[in-house]
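The values are calculated or read from the model by the stated rules, or taken from the named source; none is laboratory data. Predicted model only: the values in this text are computed from it and were never measured. Here the Cβ is made from the backbone with ideal geometry for all residues, glycine too, and neighbour counts use every protein chain on show. When the accessible area is computed, the model is the full protein with side chains, heavy atoms only, and any ligands, DNA or RNA have been set aside. Shrake-Rupley method; radii C 1.70, N 1.55, O 1.52, S 1.80 Å.
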Amino acid sequence: MDDLVRVAGAIRELPPESTQQAVGYPSLFLLVTLGALVPIVPTGAIVSSAAVVAFHQSSPLALFFVFLVAAIAAFLGDVALYWLGQRGVRSRNGSRWLATLRGRVTPERLAQAQARLDTHQVSVLVLSRLVPAGRIPVMLACLLSEMPLRRFARGDMAACLAWAATYQLIGILGGSLFPEPWQGVVAAVGLTVLISVLPALWRRVRGSSGRVAGHSGSEHP
């Protein structure tokens, strides 16, 4: 909640539109690229917030530039991370990047990603970008299956375009519902945070239900 309040305060003090564009697009590019390399930066919320601000600008191309910058940055970040992961796969001692990817994926989720990748490669890559916390398991599955970088890049390009469009639509929705940009930003950030949290909550509920069912079965042979 404190983060949302700080975002609202920052948006209230927005500089003139020309300054926003000069600073905003490079910042958007750097943040999304960094978020692709270090999967702790909330890139979806960043893109949605940028889309809200662009929606309230007078330039008709502002939204297009947000979409283009976000998609290119996500793609370059993904390709760089995949290349770094490939170096770890080929090295006898592995690499810090590959170890980080492995540490963020449970064996169960990796097995699921590998099974889906065997049958639907491109569609799995696209969905991995749209499903919260779905990108890293699929990328690790691609690395372990030794998918060539060029083939990964082809599928990831479509994934990044779909991802940028989805989170931009969230921002446009937030911008259209409220008269002030800061209100739309708060709404868009809240929605993206909710979207990112729901899958983890669902998996936790399913896991708890499975443990309860197993415990009940053991009590009644």
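A few remarks follow.
- The Kirkwood hydrodynamic radius of segment 39-98, based on inverse pair distances between different Cα atoms, is 13.5 Å.
- Spin-label model, SER176/SER145: points 7 Å from Cα along the beta carbon direction are separated by 3.7 nm.
- Cβ-based net charge around VAL122, under 10 Å, with every Lys or Arg adding one and every Asp or Glu removing one: +1
- With the cut-off at under 16 Å, measuring from each backbone N in segment 30-67 to a point 7 Å along the Cα-to-Cβ line of VAL193 picks out 41-50.
- In terms of accessible area, using a 1.4 Å probe and ignoring ligands and nucleic acids, TRP83, TRP163, TRP97 rank largest first as TRP83, TRP97, TRP163.
- Each eigenvalue of the Cα gyration tensor of segment 26-203, multiplied by 5 and square-rooted, gives one semi-axis; in descending order these are 31, 17, 14 Å.
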